[in-house]
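A.B. asks: What follows is a structure written as structure tokens; I'll ask about it next.
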Amino acid sequence: MKNKTILDRLKSGEIIPHSDAGFAELGHACKEKRQLIRKMNRAIKDEEIQELWEKITGQKMAENSCVFTPFHTNYGGNIQLGEGVFINHNCSFLDLGGIRIDNDVMIGPNVCLTSEGHPIAPSQRQSMKTAPIHIKKNAWIGANACILAGVTVGQYSIVAAGAVVTKDVPDYVVVAGCPAKVIKSIPKV
């Protein structure tokens, strides 16, 4: 455990108190990325956005994927983006727990994906815990939706605008509400 960085420890789901010495390392890593994110949000050309995306995430963006700016993230290094992904403007991805977005996913404006949170117990609340988010192939996340840590959104499913997703979403369904619940099925392709 001593050889693991705080980023590794968070991504593995370890509950880490804010008093942990590693939080200084985390702050430094996020500060470095923040400068790149600001630069990306001022970029006009798609090529420049794609180049900065690669520096932020460590992953080349597929030519058929698109991220409209502004885009917000606290770290960025734990985001995996498939091909044919569209992310509309003003989305916020808190990715210390990992965010994986598969091929052909559409994400509306103002969507929040947060793979981070705090324990419920008051004695641990000044700690951080994480769990990965996975959005599967051809899912559509509507405007202003919020997807919380540990959630998987099934393939071809739709998260309605404004939904707050606290639990896994099956394949081929529409979920809506707060907390989001299945409101209808989608015919399989």
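The values are calculated or read from the model by the stated rules, or taken from the named source; none is laboratory data. Since the structure is predicted, the reported quantities are computational estimates derived from the model, not experimental observations. Every residue, glycine as well, gets a Cβ built from its backbone with ideal geometry; the counts of neighbours run over all protein chains shown. Just the protein is used for accessible areas: all its heavy atoms, side chains included, with ligands, DNA and RNA removed. Shrake-Rupley method; radii C 1.70, N 1.55, O 1.52, S 1.80 Å.
A.B. asks: Just checking, which of VAL182, VAL175 is part of a strand (DSSP E or B) and open to solvent by 30 Å² or more (accessible area, probe 1.4 Å)? Even if it seems obvious, please write down each step before you answer.
C.D. replies: Details: VAL175 fails: open to solvent by 30 Å² or more (accessible area, probe 1.4 Å).
Selected residue: VAL182, the only one of VAL182, VAL175 that is part of a strand (DSSP E or B) and open to solvent by 30 Å² or more (accessible area, probe 1.4 Å).
A.B. asks: Cβ-Cβ distance below 7 Å, separation of 6 or more or different chains: which pairs start in region 30-41 with a residue that is open to solvent by less than 40 Å² (accessible area, probe 1.4 Å) and end on one that is assigned to a helix (DSSP H, G or I)?
C.D. replies: LYS33/ILE56; ILE37/ILE56; MET40/ILE49; MET40/LEU52; MET40/TRP53; MET40/ILE56
A.B. asks: A follow-up question, please. When region 141-151 is examined, which residues are found to be open to solvent by less than 40 Å² (accessible area, probe 1.4 Å) and not in a loop (DSSP other than H, G, I, E, B)?
C.D. replies: ILE141, CYS146, ILE147
A.B. asks: Among the residues of region 42-56, count how many are within 21 Å of ASP102 (Cα to Cα) and open to solvent by 20 Å² or more (accessible area, probe 1.4 Å). Explain how you work it out, then say what you get.
C.D. replies: So the first thing to find is which residues in region 42-56 are within 21 Å of ASP102 (Cα to Cα), and the list is 46, 49-56.
Now drop any that are not open to solvent by 20 Å² or more (accessible area, probe 1.4 Å), which leaves 46, 50-51, 54-55.
Qualifying residue count for the region: 5.
A.B. asks: Residues in region 9-24 that are outside any loop (DSSP other than H, G, I, E, B) and open to solvent by less than 80 Å² (accessible area, probe 1.4 Å): how many?
C.D. replies: Qualifying residue count, region 9-24: 6.
A.B. asks: Take the residues in region 153-171 that are under 19 Å from GLY84 (Cβ atoms) and not acidic (Asp, Glu); name whichever of them is surrounded by the most Cβ atoms within 10 Å (Cβ to Cβ).
C.D. replies: Of region 153-171, the ones under 19 Å from GLY84 (Cβ atoms) are 153-159, 171.
Keeping just the survivors that are not acidic (Asp, Glu) gives 153-159.
Working: VAL153: 29, GLY154: 19, GLN155: 20, TYR156: 18, SER157: 24, ILE158: 23, VAL159: 27.
Top of the filtered list is VAL153.
A.B. asks: Do you know which residues across region 105-132 are buried (at least 17 other Cβ atoms within 10 Å of the Cβ) and either of a type in the set (D, E, K, R) or assigned to a loop (DSSP other than H, G, I, E, B) (or both)?
C.D. replies: VAL105, GLY108, ASN110, VAL111, SER115, GLU116, LYS129, PRO132
A.B. asks: How about region 69-100: which of its residues are in contact (Cβ under 8 Å) with a residue 24 or more places away in the chain, closer than 15 Å to ILE141 by Cα and open to solvent by 40 Å² or more (accessible area, probe 1.4 Å)?
C.D. replies: ARG100
A.B. asks: Between a residue in region 160-189 that is among the aromatic types (Phe, Trp, Tyr) and any residue that is part of a strand (DSSP E or B) and open to solvent by 40 Å² or more (accessible area, probe 1.4 Å), which pairs come within a Cβ distance under 8 Å, given they are 6 or more apart or on different chains?
C.D. replies: Pairs that qualify, where the first residue is among the aromatic types (Phe, Trp, Tyr) and the partner is part of a strand (DSSP E or B) and open to solvent by 40 Å² or more (accessible area, probe 1.4 Å), are TYR172/SER185.
A.B. asks: Has region 57-68 got any residue that is within 24 Å of ASN3 (Cα to Cα) and either open to solvent by less than 20 Å² (accessible area, probe 1.4 Å) or assigned to a loop (DSSP other than H, G, I, E, B) (or both)?
C.D. replies: First, pick out the residues of region 57-68 that are within 24 Å of ASN3 (Cα to Cα): 57-58.
Those left that are additionally either open to solvent by less than 20 Å² (accessible area, probe 1.4 Å) or assigned to a loop (DSSP other than H, G, I, E, B) (or both): 57-58.
Taking every residue of region 57-68 in turn, at least one turns out to be within 24 Å of ASN3 (Cα to Cα) and either open to solvent by less than 20 Å² (accessible area, probe 1.4 Å) or assigned to a loop (DSSP other than H, G, I, E, B) (or both).
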